[in-house]
1. For residue 859 and residue 250, what does the FRET efficiency come to when R0 = 22 Å and r is the distance between their Cβ atoms, rounded to the nearest 0.05?
2. Specify which residue in the list 737, 845, 679 is farthest towards the positive end of the charge dipole of segment 660-872, using unit charges on the beta carbon of Lys, Arg (+1) and Asp, Glu (-1), about the Cα centre.
3. Give a residue-ordered list of calculated ³J(HN,Hα) values for segment 151-166 (Karplus: 6.51 cos²θ - 1.76 cosθ + 1.60, θ = phi - 60°; whole Hz; x for Gly, Pro).
4. Once volume of the Cα convex hull per residue in Å³ is worked out from the coordinates, which option in (i) 177; (ii) 214; (iii) 239 does it equal?
5. No other cysteine beta carbon under 4.7 Å away is the test; run it over the chain and list who passes.
6. Using the eigenvalues of the Cα gyration tensor, what equivalent ellipsoid semi-axes result for segment 512-609 when each is taken as the square root of five times the eigenvalue, whole Å, largest first?
7. Between residue 766 and residue 102, what is 0.36 nm times their sequence separation minus the Cα-Cα distance? Round to one decimal in nm.
8. With all protein chains present, calculate the accessible area of residue 452 using a 1.4 Å probe and round the result to the nearest 10 Å².
Amino acid sequence: MRIQTLSHDEVFSTLLSTPQGITAEEATRRRAEYGPNEIREVHTRSMFSRLAAQFTHFLALLLWFAAALCFLSEYLHPGEGLLRLGIAILAVIFINAIFTFIQEYRTEKAIEELRKMLPFRVAVIRNGTEIEVDAVEVVPGDLVVLREGDKVPADARVVQASRLTVNNAPLTGESDSRTLSDTPCEGELLDCGNMVFAGTLVVSGSGQVVVYATGMATEFGKIAQITGKVVEEVSPLHLEITRVTRMVAIIAVAGGAGFFLIGSLVGRSFWDNFLFAIGIIIATVPEGLLPTVTLSLAMASRRMARRNALVKSLNAVEALGSVDLICTDKTGTLTQNLMTVKTLWSPEDPAMSGTVARLCNNVTVTQQGIKGDPTETALYNYAVEQGAVTGERLGEIPFDADRKRMATLHRIDGKLFVLIKGAGESVLPLCTSRKKAGLSIPIDTSAAAELKEMLQTMASEGLRVIALAYRELDQLPEGEIPEEGLTFAGFMGLLDPPRPEVPQALKDCHSAGIRVIMITGDAGPTAAAIARDIGLITGEPVIIEGRECVSMPDEQLREELKKDNLIFARMSPQNKMHVVSLLIEGGHRVAVTGDGVNDAPALKKAHVGIAMGLAGTSVAREAADIVLLDDNFASIVHAIEEGRAVFENIRNFITYIFASNIPELIPYIGYILFGIPLPLTIMQILAVDLGTDMFPALALGAEKPSPDIMQRPPRPKSEHLLTRGVLMRAYLYLGLWEALAGMSAYFYVLHTGGWSWSQTLATTSTLYLQATTACLAGIIMTQIANVFACRSPNISIFTLGIFSNRLVLAGIASELLLAAFIIYTPPGNALFACAPIAASVWLLLIPFAILLIVIDESRKYFVRRSAAQTKV
């Protein structure tokens, strides 16, 4: 059905409606048949599945396996304390899962509050009477009444129009408003001037339309369906955390199995070896990693929210920091979606130009401000600012898409004038004279060429050029308003101004090595002018329009994507998504920004989708990962900085957390190889991993971005979170030093207690409890020093400032309080099998902590020196 080609009677008969609308009973029947008029999310995940996903990712499965081993060993060999260990691991899984779920649930609720795309109440005619109904109650065949300021509730065909002007920017991305008519049209659906579409805005006039599509059957809904079918890209952080946990799992399981075999070879019992293998696995698996990463991302998302960026998916925080290319919409994203007059070219008649702009205009002046088409509003405001005169309107020929001009008849200061404004190619042929030195002179061939050249010059700058002309009459015309024999008044060039913060934001993107490509539904020259104005392009633009994308082979398009000063214009949703897909296939990490329905598929396809929260559509917001609450492009730069800092900070606290794995592992190696009493119990390992380490690690996650973080290029896609350098620093450098401190304190207590190498100690003896507590204290003390060392891999702690991150100091305070509870209170002693230790043990450990900082500061000095020499 080509609804746009039908006559009035055919529209009503085809849709089984009448000029009096449908009956209430028929509306009820059709709502049951077609469903409510609402946009539904396609393939949405239930709350249960979202919660279940938090319990089934790889690290959670690894922890489930560890807990199962604990419960199995407790069942087969009770009395080893593994029941408490299993319960503690389960607590970690549940706390992390519920925390992550609540964070994402709260964000989803915040997004729901932003859903205001479809109107709540709609005027319809049923049984010949105009009534108001909820937008969801509109059905095919309904006769809807549209007035200025209304949002269109469904796709419909115009059957009556009185200067009805609609802005399709939310759907098409074009900033132009169009005046509609009820005349049949043979063109494409979206191009016809007798159609209105769900979610668009009536800027002026009024009319009646017959609904032919509702809900998911609308153009709005079709794009939502495309968006729902898009396969989302897995975030870089998710890939990295998966990679890290798999590496750790392999190391842990291989280590446990290997030392189980070694224990068997040296003659230890099965249960000793089994307990030992579980200890190796528990010591190697960083149980605190997942909750620390989750909390760190949540803290970063809250910081981003304070900078007007609402994060829907926690992984999107870091993913944004890894992007190297931003595909941005123009209207409403780079620009203010507010037309303004940028240029008036009227050498001899500027006053009359203002008069035409003000009076040949259909804006409405209300107490709330000026209402009307953005272009007419801009002309009116400019004319008022210039002091244009007023007059009495006597007649009008409305703007017509074919004529491309509007004419009015006015009485101004007692004189009659025809005032005309419109496209230059429509108005100029009607002009026969112009003013020069106060006199009216004919427009000859030379003057006509001059006017056309000026028109082309202004158009080439991307301006929307409006030609202004007039004619003075001696008497009222008997028929239509005459439009010939006009006097040329001037050209007004309009432009949707860029957001003032955008040029600096683009400079920041350039400094950070991030490329920005404009992909818009607007015209190429207009897009190029804006791009040049904001500094997005510096040379001759390479403009590719949507129809070229369709016909261009992918290989050629990939080559075009490598060019500088690239702009995509007149792009459909499918075109945008195709470009984004090719960029992703080319190895880029892509962020897409936008506010319209037409942006939604590309927003979902990108690694990070960024929607505008104020001017954006609900479909765009639902497809995005991040919503800008202030619609400020500059907020993206702040969010990228935060994302880069998140990756740095996660790497820093991974170094911190992994460093304690070695002093947790060495005691088990000593126990199996040298026959010494086990220096550290499994519960004491958990006291570190899930207790004393947690708050300092979180504090590292809140470290401020490095001063030069936005002067560096995006990290290579091949650069992993867990590198050889990170592992060597954590395991073979910091970790071994901490192990030396812990084992030194352990043997110090045994020695002072009179223990000899061959002596067997009962696990309940005071000396054994104090010795294992000393080993635990050694790890805690050196981890306090380590948190300062891990604030940066290369910047001195004295440059950063010892007190610059107050959360680190709070984390250390909490670590000391928890250590005091574990070591010096009866409940702590009972839970973690500890005993109070003397002050001499702490005095022994202090030099280890100081030396760790000194050694790491020396390493940082040589790293900085080497980097400086490399630059030279």
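1. Between residue 859 and residue 250 the formula returns 0.20.
2. Value computed over the given set: 737.
3. Values per residue, Gly and Pro as x: 9, 6, x, 7, 6, 8, 9, 6, 10, 7, 9, 10, 6, 6, 10, 10 Hz.
4. Label of the calculated value: (ii).
5. 70, 327, 360, 431, 509, 549, 775, 790, 834, each lacking another Cys Cβ under 4.7 Å.
6. Details: eigenvalues 66, 46, 44 Å².
Gyration-tensor ellipsoid for segment 512-609: 18, 15, 15 Å.
7. So the chain would gain 234.6 nm between residue 766 and residue 102.
8. 120
The values are calculated or read from the model by the stated rules, or taken from the named source; none is laboratory data. Everything quoted here is computed from the prediction, not taken from an experiment. Ideal geometry is used to build each Cβ from the backbone, glycine not excepted, and the neighbour counts take in all protein chains shown. Accessible surface is based on the protein model in full, side chains and every heavy atom, while ligands, DNA and RNA are left aside. Shrake-Rupley method; radii C 1.70, N 1.55, O 1.52, S 1.80 Å.
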